[in-house]
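Structure, as structure tokens:
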Amino acid sequence: MAKDTRHYLSPEWLESLVVDGKVDRSAALRVAQRINSALSAISNRLDAMERPNAEITGRIESFAVQGRQGLFHLTWIRVIEVDGYIIEMFTDLAATAQVGSWVAWGASTVQYQIPVGNVSITRYFRITPFLERLSGGLKLGTPSTTVTGTSVAYGAGEAAPTAPTVSPAPYTESSGLFQGKDVLVE
């Protein structure tokens, strides 16, 4: 066969579905089966192309937390070829009492702000790079060392800091990684 036509629909496929102003259900079923077959083949190919041996080669370097008026400002040096970072906040240095977590998407993300309001509190932070798997799970990298930060309360004559441009989305193991995706740690 000169050309592989297993997943090819002719340009006239839509017109073949309508006969005498009515949809030909038999033709529609054949087209739907062909489309489903093609989608299945594409899905299988994507799974085969996924980097099953992909590793997160770096770890978070120069991770710093600066307490500012009403927020924590986190900065770090990016890790190459990751899909994002999971940021965790704890009340203790041993990182056993987690009080919040967020996902910062994108390998080039190197800063994040966590608003806390008009309080002066000390919190401990850790960042873990991750790869998102085509199968829907996550492959986690090595977590950073735990870093301490203390926010600053603003006085009566000072204005509150502006809110971050993007509202942080929470991450929990029970709810998964946003938009209904399940979290699978490998």
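Filtered by the rule that a residue be of a type outside the set (V, I, T) and within 18 Å of R68 (Cβ to Cβ), the range 105-132 gives Q111, Y112, Q113, P115, G117, N118, S120, R123, Y124, F125. Note on the range 79-101: residues that are of a type outside the set (D, E) and either closer than 19 Å to E61 by Cα or outside the structural domain of T122 (by TED's automatic domain parsing) (or both) total 10.
Mind checking whether some residue in the range 131-145 is in a loop (DSSP other than H, G, I, E, B), at pLDDT 90 or above, farther than 17 Å from G58 by Cβ and among the small types (G, A, S)? There is no residue in the range 131-145 that is in a loop (DSSP other than H, G, I, E, B), at pLDDT 90 or above, farther than 17 Å from G58 by Cβ and among the small types (G, A, S).
Checking each residue in the range 146-165 for being part of a loop (DSSP other than H, G, I, E, B) and either at pLDDT 65 or above or farther than 14 Å from L71 by Cα (or both) picks out T146, S151, A153, Y154, G155, A156, G157, E158. If you filter the range 106-125 down to residues that are under 14 Å from W76 (Cα atoms) and of a type outside the set (S, T, N, Q), you find that the one that is modelled with the highest pLDDT is F125. Does A104 count as aliphatic (A, V, I, L, M) and without any contact (Cβ under 8 Å) to a residue 12 or more places away in the chain? For A104, the condition - aliphatic (A, V, I, L, M) and without any contact (Cβ under 8 Å) to a residue 12 or more places away in the chain - is not met. So for the range 62-78 (the condition being within 29 Å of L138 (Cα to Cα), modelled with pLDDT under 80 and not hydroxyl-bearing (S, T, Y)), does at least one residue qualify? No, because not a single residue in the range 62-78 is within 29 Å of L138 (Cα to Cα), modelled with pLDDT under 80 and not hydroxyl-bearing (S, T, Y).
The values are calculated or read from the model by the stated rules, or taken from the named source; none is laboratory data. In this text the structure is predicted, and so the values were computed from the model without any measurement. Methodologically, a virtual Cβ is constructed for each residue, glycine included, from the backbone with ideal geometry; neighbour enumeration extends over all protein chains shown.
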